[in-house]
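Notes follow the structure.
Readers should treat all values here as calculations from the given coordinates under stated rules, not as data from a laboratory. Values in this document were obtained by computation on a predicted structure and should not be read as measured data. Note that we place each Cβ from the backbone using ideal geometry, even for glycine, and neighbour counts take in every protein chain shown.
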Amino acid sequence: MKLQKSLLGALVVAALLGSGVSSASQSTTLPSETPENFQSKQSLFDYSRDEVMIPMRDGVKLFTVIWKPKYASGPMPIVITRTPYDAAGRPGYTGRPNSPKATAAVPIPDAPLLEKGYIRVYQDVRGKHGSEGNYVMTLPLRGPLNAGPVDQSTDAYDTIDWLVKNVPGNNGRVGIIGVSYEGWTSLMALFNPHPALKASIPMNAMVDGWIGDDWYHNGALRPFGLEYVYRQTSVKGANEIPFGSRDAYMTYLRAGSANDMAVSRGVDQLPAWKKIADNPAYTSYWQAQAVDKLLERVPVNVPTLIVHGLFDQEDNYGSPAAFEVLQKKGSQHQLVIGPWFHGQQDPWFHTYSGSHLGPLQFNSDTTRYFLYQVMLPFFEQHLRDKAPASPTPKVRAFETGTNEWRSYSQWPASGVATKKIYLQANGSLSFTASSSDKSFDEYVSDPAKPVPYRVQPILPNDSHETTWGQWLVDDQRPFESRPDVLTYATEPLTESVTLAGGIFAELLASTSGQDSDWVVKLIDAYPDETPMNPELGGYQLMVSADILRGRYRESFETAKPIKSNAVLPYRVRMPHANHTFQAGHRIMVQIQSSWFPLYDRNPQTFVPNVAYAPREAYKKATQRIYHGSFVELPVLGGR
């Protein structure tokens, strides 16, 4: 059979050659089956999609996509998102780009807006994707760090001005919305805002990159930032950094310091990384860009809905900090707090439900609740003058532990009293202070074997398989047995304890080194058996946790070596919580001195900049935590 096929092929070739026609020339004589101009049947579509280049005041043009429903009656509001994440490709994340139905073509969170007849606009920030100009990762407002004529506030102003003047059928009112970087651009639009800007919804916004958002937390550097910098600023179309390993823990550990890792992947060539690594203290570089501080200096008359996730693994400082400022500036500003990871309430880049996170079940789809009961009514009120069906609370907060939405008149909630829970001998934890006991617990912190922030292998954040979004609800039991982690716990509670606000830890501690990190984790330890959800039997759920780099104990602005073996106070700021420890549960606190590679390793000898620490600087240190150290809890009474 094979012989027959070979013979037949040879005869065909011979025939072609005999006729003077080669197989190659034969293929080039056929006409193209791709017409020069193909027109899709736009009559099927209930929307129009236009791409325009909008000029800014300095002549740079920004690529903008305008989705406009055809079925809406009357003038339509405009809602814009300004993004570094590809305005043209946005529907490809969770929408169906070729659908003739607007509500199906756009990403999931935009469906409520298109249903109600909004004009939806996406725009690439300057220097990204289809937009002209230079890309500066977080372009500062005009001032000491930006001597140029433009910033993200002026670009928002110029864009809004063009839209209301050039998009037919709009009602002259504009809202802005976005997650993370887009949340930051939504905040930037509040500075010298265009008169047509009537509402802003910054979600999980990057507010202060040093205190507790993307780049540092209380002075400790987040090495994963170099993965983001690589993707955003190396080459056009850059995706995952070349790791060459499935375990980020081992990759970062073998590399050495954070900058050693950057050098190994070429990230040290990138100006954005150099700015982060070369500014390890809370100097004017960070303070002049801290959005909460900037908001304090200006009137904010645009109604703003701040959105915060209790399990935001990237920007868990910014939203409460921004709202703390805004709630003093008028009743038009609101806050919603949900049980979400970074962006889970607005899942334009995934199809994740808001009904659960890891093993936690919330008894309802909190994402749908946010989109239809919070976001849409807010825009309807301010962009269409449609009063909400019921009075809107100043603060809406989902209470984990009870899985209930609560309404408050302020945040932290009124009725909160600060109560101290004390670390005591034998691993106990109590609301009652012990006598003047000078005893302590100790452990050895070894930079060669840092405590991982989750169970290995720890996938790179950009990995397609990563579960980065849910690590804050990881079970903490695997770390309790480590000799370099101290654990303190109450007896099972006889009545519930509810927290509603910010948390601080005050440690009395010493180190045999010259520098040290202190990690404090507040944990809800579940009963050994939970019949309604067996997976949570004995589960240790982090309610709030953060880190302090000890060199900034006295001043965030100036690093100082720690006096070896001196007992000193360390105050650790921790994320806000809205959580109930149920009766039968235990309140738990864990203390450790590394959290890797979420934060870079402290060498525990004093060096000018930890990001550049040489390998020989990394030394073991004996850490002591003295009994009488405590955690300040915002306990809500009356429930």
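Overall shape: prolate for the chain, with the ratio a/c of the largest to smallest alpha carbon gyration tensor axis at 1.5 or above and a/b above b/c. Amide H contacts of V543 (H built 1.01 Å from N, in plane; Pro and chain starts excluded): L522, I523, D524 sit under 5 Å, all sequence-distant by 5 or more or on other chains. Under a 5 Å amide H cut-off, with hydrogens placed 1.01 Å from N, E404 pairs with E399 among residues at least 5 apart or on other chains. When each of the peptides 621-634, 136-149, 260-273, 110-123 is scored by the mean number of other C-beta atoms lying within 10 Å of its residues, the order from highest to lowest reads 110-123, 621-634, 260-273, 136-149.
Ordering 388-400, 574-586 by mean Cβ neighbour count within 10 Å, with the highest value first, yields 574-586, 388-400. Defining a contact as two alpha carbons under 8 Å apart and six or more residues distant in sequence, what relative contact order in percent does region 216-277 show? Once divided by the residue count of region 216-277, the mean separation gives 32 percent. Among A220, A258, W273, which residue has its Cα positioned farthest towards the positive end of the charge dipole of region 216-277, with +1 placed on the Cβ of Lys and Arg, -1 on the Cβ of Asp and Glu, and the dipole taken about the Cα centre? So the residue we want is W273.
Shape of region 216-277 from its Cα gyration tensor (a ≥ b ≥ c, root eigenvalues): rounded if a/c is under 1.5, otherwise prolate when a/b > b/c, or oblate? In terms of gyration-tensor shape, oblate.
Annotation for region 408-476 versus region 344-403: alpha-carbon center distance of 28 Å. Entry note, the chain: the mean residue ellipticity at 222 nm calculated from DSSP H runs of n ≥ 4, each adding -39500 (n - 2.57), is -5000 deg cm²/dmol after division by the residues and rounding to the nearest 500. Here K61 is the anchor, and the lysines within straight C-alpha reach of less than 23 Å, apart from those fewer than 8 places off in the same chain, are K128, K165, K236.
Across the chain, the mean sequence separation of Cα contacts (distance under 8 Å, 6 or more residues apart), normalised by length, yields a relative contact order of 13 percent. Summing Lys and Arg as +1 and Asp and Glu as -1 over all other residues whose Cβ lies under 9 Å from the Cβ of S463 gives a net charge of -2. For region 260-269, backbone phi angles converted through the Karplus equation (6.51, -1.76, 1.60; θ = phi - 60°) give residue-by-residue couplings of 4, 5, 4, 4, 5, 10, x, 6, 5, 7 Hz, Gly and Pro being listed as x.
Take 284-292, 519-527 and order them by the average number of nearby Cβ atoms within 10 Å per residue, most first; the result is 519-527, 284-292. Residue-wise HN-Hα couplings along region 292-299, as the Karplus relation 6.51 cos²θ - 1.76 cosθ + 1.60 with θ = phi - 60° gives them from phi, are 4, 5, 5, 5, 4, 8, 10, x Hz; Gly and Pro carry x.
Sort K275, K236 so that the residue with the fewest other Cβ atoms within 10 Å of its own Cβ comes first and the one with the most comes last.
K236, K275
Most simply put, the chain has about 70% antiparallel DSSP beta bridges, counting only bridges with both residues inside it.
In percent, what relative contact order does region 416-636 have, based on Cα pairs under 8 Å that are 6 or more apart in sequence?
38 percent
For region 416-636, the square roots a ≥ b ≥ c of the C-alpha gyration tensor eigenvalues yield an a/c of 1.5 or more together with a/b not exceeding b/c, which makes the shape oblate. Positive contributions from Lys and Arg (+1) and negative ones from Asp and Glu (-1), summed over other residues with Cβ under 14 Å from the Cβ of Y599, come out at -1.
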